[in-house]
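The values are calculated or read from the model by the stated rules, or taken from the named source; none is laboratory data. Small disclaimer: the values here were computed from a predicted structure and weren't measured. FYI the Cβ positions are ideal-geometry reconstructions off the backbone, even for glycines, and counts take in every protein chain you see. For accessibility, only protein heavy atoms count, side chains too; no ligands or nucleic acids. Shrake-Rupley method; radii C 1.70, N 1.55, O 1.52, S 1.80 Å.
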Amino acid sequence: MSNAELANVDGEEHLLIGGELRSAKSGRVFETVNPATGEVLGVVADGDASDMDDAIAAARRAFDTTDWSTDVARRVAGLRQLHQAFERHAEEIRALTVAEAGSPLSLTYSAQLDSPVASLGWVADLAESYEWETDLGNAEPLGIPSHRWVRREATGVVGAITPWNVPHQINLAKLGPALAAGNTVVLKPAPDTPWCATALGRLIAEETDIPPGVVNIVPSSDHALGAILCTDPRVDQVSFTGSTATGRKVMASAAETVKKVFLELGGKSAFVILDDADLRGACATAAFTVCTHAGQGCAITTRMIVPRRLFDEAVDSTSRVMAKLPAADPTDPGTICGPLISARQRDRVEGYLSLAADEGGSVVLGGGRPEGLEGGFFVEPTLIVGVPNSARVAQEEIFGPVLVVIPHDGDDDAVALANDSAYGLSGSVWSADRDRAVTVANRIRTGTIGVNGGLWFSPDVPFGGYRQSGVGRESGLSGFEEYLETKSLAEPA
């Protein structure tokens, strides 16, 4: 199956509903664009409320009338088939991901493709070995001899709403555990990366034995279509990854029917360097991180908090490395910083660069559009100094290759600055003293944090945030159990 066949470029059968690949009921399509060139790649069936209603109905039927939720072996087999299908078509999907998501080719060998595909194998193994029932033994509550046990069951129909920045990673981080737990799913992918989702749908429909209706995929140009998943009473749970502003709306809408909600939201994570750290190594890591995929990652550390006496040296060291990581063609194997996803996102990032100047900041490096790449949505990696931690560019998620450097006056001040944020998603701490670094890391209110360059990203590690960075955890055992209900049972002993 070629790249074009996976995306079904020559047809319009992009929706997966009830096991059938079909066009939108309205017959409408919308375009998907290559962010590196600005050129239209092709069209996608444009699902609407009627299509979403069909998808929810199909998911509900599959959950209520088949043995999917109770047959662990069937689910494990389906997930392993999907894993194998992705591996068979890895190169076609890799090329599609670079073209549609603007991902640097190098990143598809990790977080943009290979790592999330590998996670399907991990979650299949987990489901196979998971303790679905736990015996609590006998007791005499209220004087009644009873045998008690706990059973874990699927939640039901899961509505999954996903963003564009790492489409395979987030689509599969939701789909894999939800299916392994016995749920059925309706996936609403971002309008910017629909082909990444429709390729997934085609693999499920044509190369797995996952029953019809268990997975339904509804691409749409309408960002608001996912709201139906939040309010429809046939949907039992909503799993959303995206902005905090939209996350608030998801939570409020889901409250109408008291659904379970998982939210992975924004971040403005701190990269904390202590005064005894390997400054060059730390600065190089901070520079590389913020340039990766043009800074389009919620967990990317975009505030570098450095000792005041080392401030100038840190800025100089960081800018030297960032200058070697320019925005460039994502098909080049050496590229780390590719394009932003759209003209709209580029305009948003440039708006923050103008705001930085208004807030008294100075641009040490970058701040413009790179020469020779005028057709795409590129912004130069940018280093900003001179703003306080309270500045909007230091507090709000920019989602671009923009790093703000802020001085601190010792460990307590560094912790206070790191925690002075509405978010709490990720972070990093660097020190020559491992115990000191861990002590500081433990004081920072965030869901994930690296110590001296340690990397937590893995399918067995829970990921999620404190405060306005979200509710719940994705990946790991915790992420799997997000998609389960707990039932307690008792019988006479």
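For the reader, a short list of remarks on this structure follows.
- Share of pairwise Cα separations in segment 251-294, more than 16 Å, in percent: 60
- Working ranking of peptides 298-310, 350-362 by packing, defined as the average number of other Cβ atoms within 10 Å per residue, highest first, is 298-310, 350-362.
- Gyration tensor (alpha-carbon) shape descriptor, segment 98-199, a/c threshold 1.5: prolate
- Ranking 483, 79, 258 by how far each Cα lies toward the positive end of the dipole of the chain (charges on Cβ) leaves 258 at the top.
- Net charge, residue 395 excluded, C-beta distance under 13 Å - Lys, Arg +1, Asp, Glu -1: 0
- Using θ = phi - 60° and Karplus 6.51 cos²θ - 1.76 cosθ + 1.60, couplings along segment 187-200 (whole Hz; Gly, Pro as x): 9, 10, x, 5, x, 7, 10, x, 5, 4, 7, 5, 5, 4
- Per residue value of the accessible surface for segment 59-158 (all protein chains in place, 1.4 Å probe), Å²: 44
- Surface share of carbon and sulfur [accessible, 1.4 angstrom probe, percent] for segment 275-380: 49
- Cross-link check: pairs 188/487; 174/268; 25/249; 268/487; 25/268; 25/487 evaluated at a Cα-Cα cut-off of 32 Å; pairs beyond the cut-off: 268/487; 25/268; 25/487.
- Compactness of segment 369-441 as Cα Rg over 2.2 N^0.38 Å, two decimals: 1.40
- Given charges at beta-carbon only (K, R positive; D, E negative), |dipole| of segment 358-416 in Debye: 240
- Global form of segment 4-114, assessed from the alpha-carbon gyration tensor, a/c cut-off 1.5: oblate
- Element breakdown for segment 4-110 at a 1.4 angstrom probe: carbon and sulfur atoms account for 49% of the accessible area.
- Cα-based shape type of segment 151-202, given that a ≥ b ≥ c are square roots of the gyration tensor eigenvalues and the cut on a/c is 1.5: prolate
- Helix 167-180 vs. the chain, principal-axis angle (Cα, 0 to 90°, nearest 10): 30
- Between the listed residues 342, 322, 360, the Cα displaced farthest toward the positive end of the dipole of segment 300-413, a dipole computed from Cβ unit charges relative to the Cα centre, is found at 342.
- Long-range Cα-Cα pairs in the chain (distance over 37 Å), rounded percent: 29
- Positive minus negative residues near residue 172 (Lys, Arg vs Asp, Glu; Cβ under 12 Å): -1
- Charge dipole (Cα centre; +1 on Lys/Arg Cβ, -1 on Asp/Glu Cβ; no other charges) of the chain amounts to roughly 740 debye.
- Working from Cα pairs under 8 Å separated by at least six residues, relative contact order for the chain is 18 percent.
- Positive-end extreme of charge dipole, segment 28-97 - chosen from 57, 69, 40 (charges on Cβ): 69
- On the beta carbon distance between residue 486 and residue 139, with R0 = 30 Å, the FRET formula returns roughly 0.95.
- Taking the protein heavy atoms of segment 390-487 in the context of the full set of protein chains, the accessible area attributed to carbon and sulfur is 48 percent at 1.4 Å.
- Over segment 288-440, equivalent-ellipsoid semi-axes from the Cα gyration tensor in Å: 27, 17, 14
- Structure-based [θ]222 nm, the chain - -39500 (n - 2.57) summed over DSSP H runs of at least 4, per residue, nearest 500: -11500 deg cm²/dmol
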